[in-house]
Amino acid sequence: MNKDSYYPFYGWLLITGVILFGAYLAFDFGLFEKLITQDVTYLSSIILVIFSCVIAYLGFASLQLSIQISYSKNYNQYKTEKSWAFEHLELLQRQRLQNSSESESLLARLVERIHRGHSNGWFFSDVLMRLGLIGTVIGFVLMLSTVYELKDNDIQALQNLLGTMGTGMQVALYTTLTGLGGALLVSIQCQWLDRCADGLVSTIIKLGVQETNDITDNLKR
């Protein structure tokens with residue numbers, strides 16, 4: 001197989017490498033320890049676990065997309081049922097034999113089939129963002145709830161108030177940072193895979209046009 005066909009997977013590796021480097025720096029500066037110990041809701045930890053699983057899922061999707069791109073670029077060599085290009089062209093051939101004109105439905109099916117592998121990444125990106133915003137709300141609730149519970153005017157009560165407000169602020173900031181950062185990185189991965197998937201759709205369409213032209217030329221002869 002052509003190694004150049006694996007550019008979706010190479011792109012995923014590059015982006016993931018940058019993420020791992022940033023994670024190493026965050027670990028080195030003690031950010032992960034602060035996220036675990038100072039976020040009393042543990043939402044930041046949950047977001048990080050979901051984020052790691054989504055990145056692994058997108059890695060598998062990028063590898064699968066790379067294999068299909070290799071199949072399409074070497075279509076005459078890899079005419080297998082595992083190839084989405086072969087499957088689409090087979091359906092086109094059956095459509096011609098039946099004199100059907102539902103080419104748009106086949107094109108929509110092709111686009112859905114190719115984008116299906118990583119489309120859930122956009123959903124999880126939205127989930128991460130919403131979890132971060134939920135943590136922000138919880139943090140402000142924790143911070144403001146202590147104000148209404150303040151009954152004494154002594155210094156000790158004020159110190160307890162400031163400590164609780166600080167905890168709430170930490171929850172709000174850490175969950176917002178983790179959620180929005182994770183959503184941003186996942187969306188970058190999904191955008192990259194979308195562009196690669198669109199390229200595969202274009203390649204398969206060209207194969208279909210070439211096959212149609214070949215059949216037309218053979219009939220003329």
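List every residue pair whose Cβ atoms sit under 6 Å apart, with the two residues 6 or more apart in sequence or on different chains, where the first one lies in segment 76-95 and is assigned to a helix (DSSP H, G or I) and the second, anywhere, is β-branched (Val, Ile, Thr) and surrounded by 13 or more Cβ atoms within 10 Å (Cβ to Cβ).
If the second residue must be β-branched (Val, Ile, Thr) and surrounded by 13 or more Cβ atoms within 10 Å (Cβ to Cβ), the pairs left are ALA85/ILE204; HIS88/ILE204.
Please find, within segment 76-132, the residue that is surrounded by the fewest Cβ atoms within 10 Å (Cβ to Cβ) out of those that are acidic (Asp, Glu) and at pLDDT 80 or above.
GLU112
One residue is enough: does segment 53-75 have a residue meeting the conditions over 15 Å from the mean Cα position of the chain (by Cα), part of a loop (DSSP other than H, G, I, E, B) and exposed (fewer than 13 other Cβ atoms within 10 Å of the Cβ)?
No, there is no match, as no residue in segment 53-75 is over 15 Å from the mean Cα position of the chain (by Cα), part of a loop (DSSP other than H, G, I, E, B) and exposed (fewer than 13 other Cβ atoms within 10 Å of the Cβ).
Count, please, the residues in segment 53-69 that happen to be in contact with a Ser or Thr (Cβ under 7 Å, 6 or more places away or on another chain) and among the hydrophobic types (A, V, I, L, M, F, W, C).
Within segment 53-69, residues that are in contact with a Ser or Thr (Cβ under 7 Å, 6 or more places away or on another chain) and among the hydrophobic types (A, V, I, L, M, F, W, C) number 2.
Is it true that some residue in segment 21-37 is outside any helix (DSSP H, G or I) and either within 23 Å of CYS53 (Cβ to Cβ) or touching a residue at least 12 places away in the same chain (Cβ under 8 Å) (or both)?
no
The values are calculated or read from the model by the stated rules, or taken from the named source; none is laboratory data. From a predicted model like this one, the values you see are computed outputs, not experimental measurements. Using ideal geometry, Cβ is built from the backbone for each residue, glycine included, and neighbour counts are taken over all protein chains shown.
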